1. Report every pair of residues separated by at least 6 positions or lying on different chains whose Cβ atoms are under 7 Å apart, first residue within region 151-173 and under 17 Å from LYS90 (Cα atoms) and of a type in the set (Lys, Arg), second modelled with pLDDT of 90 or more and in a strand (DSSP E or B).
2. Please go through region 139-173 and pick out each residue that is of a type in the set (S, T, N, Q) and touching a strand residue (DSSP E or B) at 6+ places or on another chain (Cβ under 6 Å).
3. Is it the case that ASP55 is among the acidic types (Asp, Glu) and either under 17 Å from ALA140 (Cβ atoms) or surrounded by 17 or more Cβ atoms within 10 Å (Cβ to Cβ) (or both)?
4. Within region 12-27, is even one residue within 28 Å of PHE130 (Cβ to Cβ), modelled with pLDDT of 95 or more, among the polar types (S, T, N, Q) and outside any strand (DSSP E or B)?
5. Scanning for something in a helix (DSSP H, G or I), surrounded by 13 or more Cβ atoms within 10 Å (Cβ to Cβ) and on the phi > 0 side of the Ramachandran plot, does region 73-85 turn up at least one residue?
6. Hand me the list of strands (runs of 3 or more DSSP E) wholly inside region 86-173 holding 1 or more residues that are of a type in the set (Asp, Glu).
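The values are calculated or read from the model by the stated rules, or taken from the named source; none is laboratory data. What you are looking at is a predicted structure, and each value in this text was computed from that prediction instead of being measured. FYI the Cβ positions are ideal-geometry reconstructions off the backbone, even for glycines, and counts take in every protein chain you see.
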Amino acid sequence: MRIFNILFLTSLTLFAHPHTYIDVYPNVHIKDNKITIVDFSWKIDEMTSSMLIMDFDQDGDNKISKKENDFIYENYFKDLREFNFYTDVKIKNKTINFPKIKNFKTSIQNSRIIYSFSIDINQNKKDVKFDMYDEDFFVAMILKKEFIKIKKSKFKINELDNDFYFGYGLEFK
C-alpha cells in the first residue's frame with residue numbers, strides 16, 4: 001500500500017497544468033540589424049491577477065505606488081530569476097543568463113496585473129532567439145504574432161512542445 005501511495009503521488013506531477021497564464025508582449029528595438037533593447041509586458045490572467053491585486057494594492061486605490069512596486073519587485077518578481085524569468089535567451093544557439101532587468105514597473109489595467117521591464121541585448125538579430133516556457137508547467141507563457149512589436153524586421157514564432165510542457169520561441173530574420 002505504501003508503494004502504491006508513493007507511485008500515485010508521484011504520478012500526479014505528470015498531470016500538472018498551468019495555474020497562471022501570462023500573455024507576453026515583447027517590443028523589440030533594432031538598430032543597424034542589432035537588437036538593442038527588448039521591452040516586455042507580461043499580462044497576467046484575470047484569476048491570478050485578482051488574487052495578486054489583493055496583496056499588491058495595499059492602499060486599495062487600484063494603482064501601484066512606487067512603494068508597492070518596490071515591494072512587488074523584491075518579494076515576487078525578483079525571485080523569478082530562479083526560473084530564468086521563464087525565458088531562455090539564446091545567442092548563437094547558446095543559452096545565456098537572463099540579462100539584468102531594467103525599468104521594472106507593475107500596473108493594474110482592466111483588472112489584470114501587468115509587469116513591464118526591459119533588457120539590453122546588443123546582438124545581431126539573426127543570432128538572438130527567445131524561448132518562453134515553464135518546464136514545470138505551472139505557468140503558461142503565451143506569445144502571439146499580434147503581441148509582438150518590431151519595426152523593419154521579420155520574425156518567426158515557433159511552438160515548443162517537449163512532451164511535458166509547451167511554450168513559444170521567437171526568432172528573427
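1. Here the result reads LYS156/GLU171; LYS173/PHE155; LYS173/LYS156, each pair linking region 151-173 to a residue that is modelled with pLDDT of 90 or more and in a strand (DSSP E or B).
2. SER153, ASN158
3. no
4. Checked against the condition, which is being within 28 Å of PHE130 (Cβ to Cβ), modelled with pLDDT of 95 or more, among the polar types (S, T, N, Q) and outside any strand (DSSP E or B), region 12-27 yields no hits at all.
5. Within region 73-85 (the criterion being in a helix (DSSP H, G or I), surrounded by 13 or more Cβ atoms within 10 Å (Cβ to Cβ) and on the phi > 0 side of the Ramachandran plot), the answer is yes, since at least one residue qualifies.
6. 87-91, 112-124, 128-133, 155-161, 166-172
For (1) without any contact (Cβ under 8 Å) to a residue 24 or more places away in the chain; (2) closer than 30 Å to ASN162 by Cα; (3) more than 13 Å from the chain's Cα centre (by Cα), each residue gets a yes or a no:
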{"position": "ILE44", "(1), (2), (3)": "no, yes, no"}
{"position": "ILE53", "(1), (2), (3)": "no, no, yes"}
{"position": "GLY60", "(1), (2), (3)": "yes, no, yes"}
{"position": "PHE77", "(1), (2), (3)": "no, yes, no"}
{"position": "VAL89", "(1), (2), (3)": "no, yes, no"}
{"position": "ILE108", "(1), (2), (3)": "no, no, yes"}
{"position": "SER111", "(1), (2), (3)": "no, no, yes"}
{"position": "SER118", "(1), (2), (3)": "no, yes, no"}
